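Novice: The following block contains the structure, expressed as structure tokens.
The values are calculated or read from the model by the stated rules, or taken from the named source; none is laboratory data. None of these values were measured; they are calculated from a predicted model. Cβ: placed from backbone, ideal geometry, glycine included. Neighbour counts: every protein chain shown. Protein only, heavy atoms only, side chains kept; ligands, DNA and RNA dropped before computing areas. Shrake-Rupley method; radii C 1.70, N 1.55, O 1.52, S 1.80 Å.
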Amino acid sequence: ERLSMFTCRSVWFSQRHMFMCPQLSCQMVELFEACQQQPSDLERKEVCRARLQQDIQQIFPSARLYLTGSSMNELGSRCSDADICLVIKGNCSFFLFQKKTDALRVLGRLLKLFKTLSYVERNQLIRAKVPILRFREKGSDLEFDLNVNNTVGIRNTFLLRSYAYADLRVRPMILVVKKWARYNNINDASKGTLSSYTLALMVLHYLQTLSEPVLPSLQRDYPESFNPLMNLDMVPEGPKHIPPYISRNQSSLGELLLGFLKYYATDFSWDKQVISVREARAFPKNNSKEWNNKFICVEEPFERNNVARAVHEKLKFDAIKAKFPLRHFILKGESQPLISVKFPHY
């Protein structure tokens, strides 16, 4: 991935959010502008989704395909893969396909279908806790992960999208943190580290828990807009009724990034606390199966399970923790440091 440097010219980003840590703030904006997903990227994914839905309906006439994850929540980059949720028989499907074996059966039929399609290739059935069918658009590097009836992914997509629009600093913060985590090899759930979704929740949690919060708890303040039982077709409509949020926090992007690293290096108790965006706080671990003896606990805002469960080895946990107490933040592009800033000791 080529990351280009630009002059700090962002018009959309308020200058009051850049007056402290100016070098770092400016570089974060440059990285965001260079890497954020473009409308053309989303359109390309949508064209493939619509084509797939037509072909899948030959087997499952009532099927619907939904783009989810970073492609739709405004937190993706130009290189983000596309997550797709296949929903069968509308809103009843969640109750009809709760078993992993049911999802595997459906994905197995789709695998046979996809082998006959001229526009997809490299089809692979992955038997994870949430099974997926992974494939690529033929002749390109655009990769898709398709799941069956994991409808919580549709709900949390529009929750995170609402947070992304709540404050101008959210999107560049999350993009830079994800790039930093990938650069430091701690952003791969399949290898026992943090998923991009977990990292996004960690950033949102930090922004909610500042003495002067950057973000509120949208689920707490507008429960009707994020009702977990809401009809799936209405999920995109719910957030449209939320009034604009205006934070009194005037911290720059650089200050917030430094604060994020400091929070998880010195303030947050990994062994005693659970990260909750739903409640906009860290609540104490209890002895439930979900939290007990887990290295990192991050609550899924709707299902309330642990989205950081992939971190199950102490060696990986220690490697993740070791990345936060930094004196020097560096994120390299293809041929030169893209972001390189020395921080004061904390």
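Novice: When only residues in segment 231-263 that are in a loop (DSSP other than H, G, I, E, B) and touching a Pro at 6+ places or on another chain (Cβ under 9 Å) count, which is surrounded by the fewest Cβ atoms within 10 Å (Cβ to Cβ)?
Specialist: Ranking the candidates gives Arg248 first.
Novice: Please find, within segment 311-333, the residue that is surrounded by the fewest Cβ atoms within 10 Å (Cβ to Cβ) out of those that are more than 18 Å from Phe260 (Cβ to Cβ) and at pLDDT below 95.
Specialist: Lys332
Novice: Being open to solvent by 20 Å² or more (accessible area, probe 1.4 Å), modelled with pLDDT of 95 or more and out of contact with any Pro (no Cβ under 8 Å at 6 or more places or on another chain) narrows it down to one residue among Phe283, Phe268; which is it?
Specialist: Phe283
Novice: Within segment 214-229, is even one residue among the small types (Gly, Ala, Ser) and part of a loop (DSSP other than H, G, I, E, B)?
Specialist: Checking segment 214-229: at least one residue is among the small types (Gly, Ala, Ser) and part of a loop (DSSP other than H, G, I, E, B).
Novice: Restricting attention to segment 110-158, and to residues there that are among the polar types (S, T, N, Q), open to solvent by 40 Å² or more (accessible area, probe 1.4 Å) and part of a loop (DSSP other than H, G, I, E, B), which single residue is nearest to Ser225 (Cα to Cα)? Reasoning before the result, please.
Specialist: Applying the first criterion (among the polar types (S, T, N, Q)) to segment 110-158 yields 116, 118, 123-124, 140, 147, 149-151, 156-157.
From what's left, open to solvent by 40 Å² or more (accessible area, probe 1.4 Å): 116, 118, 123-124, 150.
Now drop any that are not part of a loop (DSSP other than H, G, I, E, B), which leaves 116, 118, 150.
On the way: Thr116: 41, Ser118: 40, Asn150: 20 Å.
It comes out as Asn150.
Novice: Kindly indicate whether Ala181 is assigned to a helix (DSSP H, G or I), over 21 Å from Val214 (Cα atoms), open to solvent by less than 10 Å² (accessible area, probe 1.4 Å) and among the hydrophobic types (A, V, I, L, M, F, W, C).
Specialist: yes
Novice: Related question: How many of the residues in segment 40-94 are surrounded by fewer than 21 Cβ atoms within 10 Å (Cβ to Cβ) and β-branched (Val, Ile, Thr)?
Specialist: Matching residues across segment 40-94 total 3.
Novice: Identify the single condition in (1) closer than 27 Å to Arg220 by Cβ; (2) touching a strand residue (DSSP E or B) at 6+ places or on another chain (Cβ under 9 Å); (3) surrounded by fewer than 23 Cβ atoms within 10 Å (Cβ to Cβ) that Asp167 does not satisfy, given that it satisfies every other one.
Specialist: Answer for Asp167: the failing condition is (2).
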